[in-house]
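Data first, discussion second: the structure below is written as structure tokens.
The values are calculated or read from the model by the stated rules, or taken from the named source; none is laboratory data. Here the structure is a predicted model, which means the values were calculated and not measured. Using ideal geometry, Cβ is built from the backbone for each residue, glycine included, and neighbour counts are taken over all protein chains shown. Remember, those area values only see protein heavy atoms, side chains included, never the ligands or the DNA or RNA. Shrake-Rupley method; radii C 1.70, N 1.55, O 1.52, S 1.80 Å.
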Amino acid sequence: MAFKTIKRPKISIGERFYLKALLGGLVITMKHLVLSIIGKSRSKKELGGSGIGVTMQYPEYRWDKHLPEYYRGYPVLVKGEDGRERCVSCQLCEFICPARAITIKPGEVPADSQWNKVEKAPVEFEIDMLRCIYCGMCQEACPEQAIFMSQGYLLTPTDKKAGVHNKAKLYELGGTKQGLVNKWNAYK
Amino acid sequence: MIDSILSFCDSVLSNQYWFFIITLLIKLVICFAITIAFIPISVLIERRVASFIQDRVGPNRVGIPATIFKRFGMKADLPFVKALDYFGLPHDGRIANICRYFRLDKDIPLLGLLQPAVDGGKLFLKQDFTPPFVRRFYFWVAPMLVLAPPLMTAAVIPFAGDLETPYGNINMVVANLSIGPLWIFAISSLSVYGLVLAGWSSNSKFPLIGGIRSSAQMISYEISMGLSIIPLLMIYSELNLSNIVQYQADNGWLLLPFWGEGLTVERWVLLIPIVISFIIFLTSVFAETNRTPFDMSECETDLVGGYHTEYSSMKFAQFFMGEYAAMIVGSSLVITLFLGGWSIGFGIDGWLLDNCGNWISTILQLIFYVLKLAAFAFFFVWVRWTVPRFRYDQVMKLGWLVFFELAVINIFITAAILYFIK
Ligand code: SF4
Ligand code: SF4
């Protein structure tokens, strides 16, 4: 048989009156209320609550310690451990970005540079943080491991200009990353 | 000078008509102040209790930002630092840290008590948008029709005991009608016009459904509401709310007959119909005021926003205030009929009158009345955040098939008890 008949639960007369369920509900909500006020709500510790309920009072208390590994903050550019800027301005991230937040002006690596083998590097790299939706597509698309989602989330631009992160700012936020990309090393 | 003023006041108050007018004005102010002030208070209760129930904090951020001192020309950046220096305390000592914990360095906290005021200000400043497709006149009239009836009905509810002055007896009710409950039912059912007109004039389908639902619901529950208090009127043999409360003060609240005549067998047997009446009446008040679990007319899961979908700014706020005002008047009616109105209870009223004088007892009664109202506002909020919304057919079934019959049967039970048990 393709279907199964499920019997409706029988509702007793007491349940039909609904008063018992009502009172039970009122007791439960009251319990929550009292526990919140005395600051003993359930799973308050795990959620890092401060004071009433499980709420963390944000600017005073921060989630930072509890941030999971996979947390996606704002995107940043990183340099390799050898100090080379990893981005080769291939513009893949610019094209994949669903919010069109990234604007790259590609340029050449000067011939006398140690890394002139790389040929290209961004002259300017801007991410408009007012457009960015923190999706992480740029990180996925990047063939050079140059752009990463950081753990930072505290961005409070006071005007639209301040909302745009330029190359210097992105590198400053990103810092250096260890390992991984070795293909441009001199001996190869 | 002062003597002449006093004698002038004396002569004015001795005049019966002036005395009446002046006391009436004072009573009006008190009555309206209670009702109007309770709207933001119950909004605050609503938001805070709701958030406590959901393990949140609720509005607690409204305070006076300390930066305001700088804006008004203070040189040093924060008065907090200045104050620490003044007392010679280290900037990161224990006391400073405790103050920081309570955010005293950032603002002067008011525990979020200012939140309703700020909300009101926000509603004033919002764009008042009238959609082009509405019936303009009715669209404008509807919010007023919702807000006015509850404020009118508040007039017949006594908020304290009588006050005896050398010039005469002041009855602490704006309009001492001998048809109190009937007046309330007559006027409060008018607010259904506001909802229906809002729904219809919005010229849009969801508000229309909301308006129609609310009219059906309010009319149905009006019946059980009216029938459920008939037993009470039989017990009181009185329709004047002041006298009803006075009776309860002397002989025990209807639901708690613990003193005076309330200790007779008859009163205890009468508790059975009274409790039934209480449940029906309370539920009907919920339904009448369109509060969850009965807010069919604005149930956002299937009607967007119900009858006020197209409203914005202050016109929306009027609906909002109307709902809360209706809730307050409804709860004051429950208090007046079942829980002794302004009376402090347990025979304390009489004791106070004898030992502490008339003024003190009246003021205490007023305070007690306000406290009872606050408790009831809490109860409304508590129920709202506990019980899920009913289905529309369930609401109608409950009203017509359960409460209506129950209320009618209840009348006969009461009559029988009153007749046989003496
Ligand atoms: S995270 Fe998403 S939206 Fe933001 S810059 Fe990267 S691709 Fe664009
Ligand atoms: S960040 Fe990565 S994907 Fe974007 S331009 Fe640079 S190398 Fe290409």
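So here's what we get for this one:
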item	result
Residue order for A:E81, B:E310, B:E46 - accessible surface, 1.4 angstrom probe, largest first	A:E81, B:E310, B:E46
Chain A, relative contact order in percent, only Cα pairs under 8 angstrom and at least six apart counted	22 percent
Heavy-atom accessible area order for B:R61, A:R84, largest first, 1.4 Å probe	B:R61, A:R84
The stretch A:14-61, relative contact order in percent, only Cα pairs under 8 angstrom and at least six apart counted	22 percent
Descending Cα extents along the principal axes, the stretch B:109-212, whole Å	60, 45, 20
Per principal axis, descending, Cα span of the protein assembly as shown in whole Å	111, 92, 51
Chain A: angle of helix A:19-37 to the longest principal axis, Cα-based, in degrees nearest 10	50 degrees
Full-extension gain in nm, B:A375 to B:I98, via 0.36 nm per residue minus C-alpha separation	96.4 nm
Segment A:F3-A:E108, length gained on full extension (0.36 nm per residue, minus Cα span)	31.0 nm
Charge dipole magnitude, Cβ of K and R +1, D and E -1 - chain B, Cα centre, debye nearest 20	1500 debye
Approximate spin-label separation B:F258-A:K120, in nm, with each point projected 7 Å along Cα-to-Cβ	8.5 nm
Farthest positive-ward along the protein assembly as shown dipole, Cα basis, beta-carbon charges - from B:F8, B:H308, A:L173	A:L173
Reach of A:K120 by Cα under 15 Å, taken over aspartates and glutamates that are not fewer than 8 positions away in the same chain	A:E85, A:E108, A:D112, A:E144
Calculated log₁₀ intensity ratio I(q)/I(0) where the Debye formula runs over C-alpha points of the stretch B:294-382, q = 0.11, 0.18, 0.19 Å⁻¹	-0.48, -0.84, -0.90
Estimated distance in nm for a label pair at B:T165 and B:L239, the labels positioned 7 Å out from Cα along Cα-to-Cβ	3.0 nm
Computed helical MRE - 222 nm, chain B, DSSP H runs ≥ 4 contributing -39500 (n - 2.57), nearest 500	-21000 deg cm²/dmol
Principal axis dimensions, the stretch A:14-61 - Cα atoms, whole angstrom, descending	49, 16, 15
Using θ = phi - 60° and Karplus 6.51 cos²θ - 1.76 cosθ + 1.60, couplings along the stretch B:86-99 (whole Hz; Gly, Pro as x)	4, 8, x, 9, x, 5, 10, x, 5, 5, 4, 5, 4, 4
Measure of compaction for chain B (Cα Rg per 2.2 N^0.38 Å)	1.15
Amide hydrogen neighbours beyond the local backbone of A:A121, cut-off 5 Å, H modeled	A:G107, A:E108, A:V109
Sum of -39500 (n - 2.57) over DSSP H runs of 4+, divided by residues of chain A (222 nm, nearest 500)	-6000 deg cm²/dmol
Surface/4 estimate of mean projected area, convex hull on alpha-carbon atoms of the stretch A:75-184, nm²	6.6 nm²
Relative contact order of chain B, pairs being alpha-carbon contacts under 8 Å that are 6 or more residues apart, as %	21 percent
FRET E, pair B:Y17, B:V81, Förster distance 60 Å, beta-carbon r, rounded to 0.05	0.45
Euclidean distance of C-alpha centroids, the stretch B:302-326 and the stretch A:63-136, integer Å	49 Å
The protein assembly as shown - share of DSSP beta bridges that are antiparallel (%, nearest 5)	95 percent
Computed label-point distance, nm, for sites B:W400 and B:F8 using a 7 Å Cα→Cβ extension	6.5 nm
Accessible surface of the stretch A:14-61 [probe 1.4 Å, protein heavy atoms]: carbon and sulfur percent	69 percent
Per-pair calculated FRET efficiency, R0 = 35 Å: A:R42 and A:D64 via Cβ, rounded to 0.05	0.90
Semi-axes of the equivalent ellipsoid for the stretch B:167-305, Cα gyration tensor, largest first, Å	36, 19, 11
Rounded to whole Hz, the Karplus (6.51, -1.76, 1.60) HN-Hα couplings of the stretch A:148-157, x for glycine and proline	10, 8, 8, 9, x, 9, 8, 10, 9, x
Under 21 Å from B:K315, Cα to Cα: lysines that are on another chain or at least 8 residues apart	B:K122, B:K126, B:K205
Exposure ranking of B:T301, B:T23 by accessible area [1.4 Å probe, largest first]	B:T301, B:T23
